[in-house]
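Just below is one structure, and these are the notes that go with it.
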Amino acid sequence: MTKPTAKLEIGGQDQNHEFEILKGSVGPDVINIASLYKDTGMFTYDPGFTSTASCESKITYIDGDEGILLHRGYPIEQLAEHGDFLETCYLLLYGELPTKAQKEDFDYRVTHHTMVHEQMTRFFTGFRRDAHPMAVMCGVVGAMSAFYHDSTDISDPHQRMVASLRMIAKMPTIAAMAFKYHIGQPFVYPRNELGYAANFLHMCFAVPCEEYKVNPVLARAMERIFILHADHEQNASTSTVRLAGSSGANPFACIAAGIACLWGPAHGGANEAALNMLDEIGTVDRIPEFIDRAKDKDDPFRLMGFGHRVYKNYDPRAKIMQKTCHEVLGELGIKDDPQLDIAIELERIALTDEYFIEKKLYPNIDFYSGITLKALGFPTTMFTVLFALARTVGWIAQWKEMIEDPKQKIGRPRQLYTGADQRDYVPIAKR
Ligand code: SDX
């Protein structure tokens, strides 16, 4: 059977061009235009990569129209319902759900990498206490390259595996240290008898003066929140990690680059921005004013936590996050949370508004996460840190897939140049 092709006819060029169409296991086919420049002397042009597949991957699949999210084929709803975060980590890294023995071994290995080099505590004292914790995360995670030299050789599979375990294991410790430094409390060491999320909550909220018992309902909710944030195909921060990794940079530096990109309010910073927006709205009766602003082309205001490049339906993670939000508020006995009331009413109005329907704008994962994290005791400045903590496994899995791809080469996009043509230097006296 002949391979499907795409034909391209370019005005003024007499020859037709044919490009191979590659089929995925599910989702859109792609036109392989790798030879386009060689064949036609032209580039494609796609700012924001709205129609561009940057790589082949087997890790995560999103059907934006149907609101489907699969990790190695497993629906996010099932992973969040039945498994814990380290099970999802194993699945993302190795492609299959672990057996009992594999899970126990993986949990043991991650647990025994949770401490950081004691010298790393010195980094924190260089920051102001009121520094944004994401600024601290960018700095301290990047500095891991200065400590773990025995797992920076990306050509060595063993070193790649050790670096992956270290990143997944140490992110909660570093995130908790950033939080403790931010609030002026002493660092709390990881506890090996605790599960991944329980350990993180203990490192964040325990104090030396008294015993701290982690609430198992809140620990379960934290595990689920981490699962929801674990990976999301080629989003901006994952693409940043892949691009950084394509030059051969070490994994710690690549993850630091991903953290920097995630910080933006259009991306992972939206959970912090969404809660600040609910604060700014203040009361339910002011919602229409903000809906109007969101629709006003001349107003840069957007509904934070709404809209998505891929989802043109409800983000499946947002539904689970909303359910988790109610569970956490219920467990904590928070009956009426004014921000939750505003969020629910804002969602109801937006989902019936012609503008949002026409533009297919639905709540995304960041819409309810902030309310949940605030109820768990985190300040808004820590919300994106928790997103980065959970997304580290996705970044690592995608980085690993890229490094192990024999076709991998350095990422180097081209451009449409519309600047000045060549011209001669003019001495300053003659300008
Ligand atoms: C994450 O990519 C991922 O997978 C990301 C993520 C992950 O897990 O990694 O899912 C995490 O980043 C979720 C998104 C969090 N960001 C926000 O909630 C910020 C608010 N949302 C918007 O900034 C926006 O929706 C984006 C950035 C998320 C998506 O932007 P796009 O795909 O570039 O879409 P667009 O800006 O071209 O918007 C299309 C239209 C525009 O109107 P027109 O120019 O066509 O007239 O919809 C409008 C936009 O003005 N629009 C909004 C809106 N989002 C888009 N209008 C009001 N409020 C909004 N939130």
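The values are calculated or read from the model by the stated rules, or taken from the named source; none is laboratory data. This structure is a prediction, so every number in the text was calculated from the model and none was measured. Positions of Cβ are backbone-derived with ideal geometry, glycine not excepted, and every protein chain shown enters the neighbour counts.
Mind listing just one residue for me: the one in segment 344-394 that is surrounded by fewer than 17 Cβ atoms within 10 Å (Cβ to Cβ), part of a helix (DSSP H, G or I) and not β-branched (V, I, T) and, of those, farthest from the chain's Cα centre (by Cα)? So, considering only residues that are surrounded by fewer than 17 Cβ atoms within 10 Å (Cβ to Cβ), part of a helix (DSSP H, G or I) and not β-branched (V, I, T), the one farthest from the chain's Cα centre (by Cα) is E354. Considering T372, T392, the condition of being over 26 Å from F252 (Cα atoms) and in contact with a helix residue (DSSP H, G or I) (Cβ under 6 Å, 6 or more places away or on another chain) is satisfied by T372 alone.
Within segment 239-259, restricting attention to residues that are within 14 Å of the ligand (Cβ to nearest atom) and out of contact with any Phe, Trp or Tyr (no Cβ under 8 Å at 6 or more places or on another chain), which residue is nearest to L165 (Cα to Cα)?
If we filter segment 239-259 for residues that are within 14 Å of the ligand (Cβ to nearest atom), which is where we start, we get 239-242, 258-259.
The next check asks that each one be out of contact with any Phe, Trp or Tyr (no Cβ under 8 Å at 6 or more places or on another chain); those that pass are 240, 259.
Values: T240: 20, I259: 17 Å.
Filtering first and then ranking leaves I259.
Considering only segment 5-20, state which residues are within 11 Å of N32 (Cα to Cα) and either surrounded by 14 or more Cβ atoms within 10 Å (Cβ to Cβ) or in contact with a Leu (Cβ under 9 Å, 6 or more places away or on another chain) (or both). Hits for segment 5-20 are A6, E18, F19, E20.
Answer yes or no as to whether H232 is at pLDDT 95 or above, within 24 Å of A135 (Cα to Cα) and either within 13 Å of the ligand (Cβ to nearest atom) or part of a loop (DSSP other than H, G, I, E, B) (or both).
yes
Somewhere in segment 299-310, is a residue within 13 Å of the ligand (Cβ to nearest atom), touching a strand residue (DSSP E or B) at 6+ places or on another chain (Cβ under 7 Å) and closer than 29 Å to N215 by Cβ? The answer is yes; a qualifying residue exists. Would you check if A230 is buried (at least 21 other Cβ atoms within 10 Å of the Cβ) and among the small types (G, A, S)? Spelling it out, A230 is indeed buried (at least 21 other Cβ atoms within 10 Å of the Cβ) and among the small types (G, A, S).
Out of M167, M177, report the one residue that is among the hydrophobic types (A, V, I, L, M, F, W, C), assigned to a helix (DSSP H, G or I), at pLDDT 95 or above and within 22 Å of K58 (Cβ to Cβ).
M167
For segment 267-298, a residue qualifies if it is of a type in the set (A, V, I, L, M), within 15 Å of the ligand (Cβ to nearest atom) and over 27 Å from S164 (Cα atoms), and the qualifying residues are A273, A274, L275, M277, L278, I281, I287, I291, A294.
Taken over segment 111-128, the residue count meeting the criterion of being hydrophobic (A, V, I, L, M, F, W, C) and either assigned to a helix (DSSP H, G or I) or modelled with pLDDT under 95 (or both) is 3. Taken together, the residues in segment 245-277 that are modelled with pLDDT of 95 or more and of a type in the set (D, E, K, R) amount to 0. Looking at I10, I62, I21 in this structure, which one is over 30 Å from Y196 (Cα atoms) and in a strand (DSSP E or B)? From the options I10, I62, I21, the qualifying one is I21.
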